[in-house]
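Working notes, structure below.
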Amino acid sequence: MNRLSNFLMGLLVGAALMFVALKFHVIRGADGWHLIPKTTSQIGDIYVDIRAFDAQKWAQHKLLAVDIAHAKKQYLIGDSVGDDMRRQFQNTLRNLSSDAATP
């Protein structure tokens, strides 16, 4: 009976994971983890780490952006794009200061 109970437990866990994968995005943002409901049932974008997303990445993940907007968490998009702009600006400043330091 042990093998059957293990099989059934695995079946239940697998079914629960498939349900979550079809109904939710699991998002890792700068402020932590977020569970965003999907507007369409699909397997894509189950887990997404948006901490390093730039505007080009958001263009590739349009459905994710729409689902974030539907969940009223638009700040996640703005935060990641703002962080990318901040990184680019800091890299530009570093490059300028290193160019000025070399004679």
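Bear in mind that the values in this text are calculations on the coordinates, not laboratory data. Predicted model only: the values in this text are computed from it and were never measured. Counting neighbours? That spans all protein chains shown, and the Cβs are built from the backbone with ideal geometry, glycine included.
Note on Rg/Rh (Cα atoms, Kirkwood Rh): of the candidates (i) 1.24; (ii) 1.03; (iii) 1.15, the value calculated from this structure sits at (i).
Annotation note: trypsin sites (Lys or Arg not before Pro) in region 20-72 located in DSSP loop regions with a Cβ neighbour count of at most 15 within 10 Å are ARG51, LYS72.
The value of relative contact order for the chain, using C-alpha pairs under 8 Å at least six residues apart, is 21 percent. Here the gap between ASN91 and LYS57, fully extended at 0.36 nm per residue and compared with their Cα-Cα distance, gives a gain of 10.3 nm. Taken one residue at a time, the phi angles of region 12-26 give Karplus couplings (6.51, -1.76, 1.60, θ = phi - 60°) of 5, 5, x, 5, 5, 5, 5, 4, 4, 5, 7, 10, 9, 9, 9 Hz. Gly and Pro are set to x. Going by neighbour counts of Cβ atoms within 10 Å, the residues HIS61, HIS25 line up, fewest first, as HIS61, HIS25.
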